[in-house]
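Asker: Let me give you the structure first, and then I'll get to my questions.
The values are calculated or read from the model by the stated rules, or taken from the named source; none is laboratory data. Model, not experiment: these values are computed from the prediction. All Cβ positions, glycine included, derive from the backbone under ideal geometry; neighbour counts span all protein chains shown.
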Amino acid sequence: MGRQWGPAMRAAEQTGCVVSASRAGQPEAGSWSCSGVILSRSPGLVLCHGGIVAPFLRAGSGALTAAGAAYLPGDSCSDDLRLHVQWGPTAASPAGRSERGLPGLCTPQC
Amino acid sequence: AGLELGPPARPRGRPLQPPRPAELVLLLSCPAFRAHFARLFGGAAAEQWRFASAAPDDEVSEDEEEDQLRALGWFALLRVRPGREAAAEERGPAVAVAPFGAVPKGSPLLACGSPFGAFCPDIFLNTLSRGVLSNAAGPLLLTDARCLPGTEGGGVFTGRPAGALVALVAAPLCWKAREWVGLTLLCAAAPLLRAARAALGSLHAGAAALAALLPPEVGAPWGLPLRDPGPLWAAAAVLVECGTVWGSGVAVAPRLVVTCRHVAPREAARVLVRSATPKNVVIWGHVVFATQETSPYDIAVVSLEEDLDDVPMPVSAEHFHEGEAVSVVGFGVFGQSCGPSVTSGILSAVVRVDDTPVMLQTTCAVHGGSSGGPLFSAHSGDLLGIVASNTRDNNTGATYPHLNFSIPITVLQQALQRYSETGELGGLRQLDHAAEPVRVVWRLQRPLGKTPRSKL
């Protein structure tokens, strides 16, 4: 991968994640999942594809094509929606950083 | 891309963070994306297009497919519940965003997603795929970086501005008329995040505070001209309309366009040529030469009634190097409803007869409508050939956009030069008398070996 790709690969690794959606108490109902991007570390904000929460819309997927609908607030989905986010060991999160050597050590340039 | 070492790859298989609970803040879409989607894929074209996460003939109920299509341009903003390390977490945006329109067509892109989503993240989390920005209609972008189901929502990054987020994957798999298109549908990140800011601002105060946490745009401020048309050499690609048939072509001289015979089959037929770059121009012309049906070279030459001004004429290549990076520029997939698409790949084979190149094969994504378009060297921008066809397996009906055939420009160059200078068609007429071994190659048959002589 060419040198120009270093920053892009780091950005991809640090922000990439997977998101899964399931129904509380109904694991047999299956789950939906997709990829996502970590936009902010703390508080954690993630942007992912809306297709995984469409099955939970109280008004059904027709709400997505209602004229002029550009956004729907979070409570448009039923209360049994459970979302989980998972990321890699080098993601932009404290867990990733704690893996990188113990705090207190430093690498002074010569 | 160069082969020099990049950053050490992260060793796969290291333990992932346990899944963290999150709550839905907002479902949002980019109205301009949906408008362009409806224009390009709706109406009469709708029945031809499929974006299912499963292949066209996989069992997906009509309702499920309808739901998927409705949700295609929608994205979800989630807030991750703070974990134990909340105190140690570093605040601030995790990524910078490329301004809308700042990435020109043909620019290399890096897609990062997890095929099959949460099915097996230890193995598939954040896999990478490379391609270029193939086309753009407002915030609706297309890339030839190959993505798989589950990568929806994944980020697409550019090398310049370094590591900036350009878009999110909206639909990884597209089929048109049951042909896999080999392009991935993206929604530009900048307009999507602007829509998120606007929506958060109109929700309750707690949500509005989140707007400040959304990542900033880097590089050129808004208002600068939208993305420039991409590589200079791509400007020579034109759309060719002959009656009800349309295809692609390439301007090889200010008044001369080369296309395929199956696009403009009849000599003296009138043809409309549309150029999209540097400005939208429509010029009439007529077919001055088309090879016979029996010729293996599927070529036609159009003479224009006026000059194609300001279009840089391509330099014809003299040599071909298997493995070199190449680009195809053509009006496949969308035709005249938006400018030409750029797809990238390598020159996968140069087929020779008596040491003379007679066929080029590439791994670029080539679709119906790209015929007649130019094949360029991605490094030099030289014109390598004219795209003639891709591949269909007659047994299964499957089409392979990433195996396609081009006529080397060296086969045409001298004859075109002679016609340009003298108006004389003799050189072009020779294309109707290609030797039998050349015909065998273009019939995709095994070149005749030495016929085994009987021992009797």
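Asker: Being of a type outside the set (S, T, Y) and either part of a strand (DSSP E or B) or within 24 Å of B:S134 (Cα to Cα) (or both): is that true of B:A415 here? Steps first, please.
Answerer: Working: of a type outside the set (S, T, Y): yes; either part of a strand (DSSP E or B) or within 24 Å of B:S134 (Cα to Cα) (or both): no.
Spelling it out, it is not the case that B:A415 is of a type outside the set (S, T, Y) and either part of a strand (DSSP E or B) or within 24 Å of B:S134 (Cα to Cα) (or both).
Asker: Still on this structure, I have one more. Filter segment B:301-325 for residues that are farther than 21 Å from B:D382 by Cβ and in a loop (DSSP other than H, G, I, E, B) and give the result.
Answerer: Step one: of segment B:301-325, the residues farther than 21 Å from B:D382 by Cβ are B:302-307, B:309.
Within segment B:301-325, B:E305, B:E306, B:D307, B:D309 meet the criteria.
Asker: Looking at B:A290, B:A276, B:A237, B:A253 in this structure, which one is in contact with a Pro (Cβ under 7 Å, 6 or more places away or on another chain), closer than 18 Å to B:R418 by Cβ and in contact (Cβ under 8 Å) with a residue 24 or more places away in the chain?
Answerer: Values: B:A276 fails: closer than 18 Å to B:R418 by Cβ; B:A237 fails: closer than 18 Å to B:R418 by Cβ; B:A253 fails: in contact with a Pro (Cβ under 7 Å, 6 or more places away or on another chain).
Exactly one of B:A290, B:A276, B:A237, B:A253 is in contact with a Pro (Cβ under 7 Å, 6 or more places away or on another chain), closer than 18 Å to B:R418 by Cβ and in contact (Cβ under 8 Å) with a residue 24 or more places away in the chain, namely B:A290.
Asker: Out of the residues in segment A:52-70 meeting the condition of being in contact with a Leu (Cβ under 7 Å, 6 or more places away or on another chain) and within 24 Å of B:P21 (Cβ to Cβ), tell me which one is farthest from the other protein chains (Cβ to nearest Cβ).
Answerer: By that ranking, first place goes to A:F56.
Asker: Regarding B:S295, is this residue assigned to a loop (DSSP other than H, G, I, E, B) and within 30 Å of B:L185 (Cα to Cα)? Please lay out each step first, then the result.
Answerer: Numbers: assigned to a loop (DSSP other than H, G, I, E, B): yes; within 30 Å of B:L185 (Cα to Cα): no.
The answer is no for B:S295.
Asker: I'm told B:P229 meets every condition in (1) in contact with a Ser or Thr (Cβ under 8 Å, 6 or more places away or on another chain); (2) surrounded by fewer than 23 Cβ atoms within 10 Å (Cβ to Cβ); (3) modelled with pLDDT of 95 or more; (4) not β-branched (V, I, T) except one. Can you identify the failing condition by its number?
Answerer: Status for B:P229: all satisfied but (3).
Asker: Applying the selection to segment A:10-34, what residues are without any contact (Cβ under 8 Å) to a residue 40 or more places away in the chain and within 11 Å of another protein chain (Cβ to nearest Cβ)? Lay out the reasoning, then the answer.
Answerer: Just the residues of segment A:10-34 that are without any contact (Cβ under 8 Å) to a residue 40 or more places away in the chain, to begin with: A:10-12, A:27-34.
If the condition is that a residue be without any contact (Cβ under 8 Å) to a residue 40 or more places away in the chain and within 11 Å of another protein chain (Cβ to nearest Cβ), then A:R10, A:A11, A:A12, A:S31, A:W32, A:S33, A:C34 are the ones that fit.
Asker: If I ask for residues that are closer than 13 Å to B:G154 by Cβ, assigned to a helix (DSSP H, G or I) and in contact (Cβ under 8 Å) with a residue 40 or more places away in the chain, which ones from segment B:119-143 would you list?
Answerer: B:P121
Asker: Considering B:V169, B:V95, which residue is closer than 26 Å to B:P340 by Cα and among the hydrophobic types (A, V, I, L, M, F, W, C)? If you could, list the steps in order and put the result at the bottom.
Answerer: Values: B:V95 fails: closer than 26 Å to B:P340 by Cα.
So the residue among B:V169, B:V95 that is closer than 26 Å to B:P340 by Cα and among the hydrophobic types (A, V, I, L, M, F, W, C) is B:V169.
Asker: Mind checking whether some residue in segment B:296-304 is of a type in the set (F, W, Y) and more than 24 Å from B:H402 (Cα to Cα)? Steps first, please.
Answerer: Start the filter on segment B:296-304 by keeping residues that are of a type in the set (F, W, Y), which leaves B:297.
Among the residues that remain, those that are also more than 24 Å from B:H402 (Cα to Cα) are: none.
The answer is no; no qualifying residue exists.
Asker: Here is a further query. Out of segment B:173-187, which residues are part of a loop (DSSP other than H, G, I, E, B) and at pLDDT 90 or above?
Answerer: Kept after step one, since they are part of a loop (DSSP other than H, G, I, E, B), are these residues of segment B:173-187: B:173-174, B:177-178, B:181-183.
The one that is part of a loop (DSSP other than H, G, I, E, B) and at pLDDT 90 or above: B:L183.
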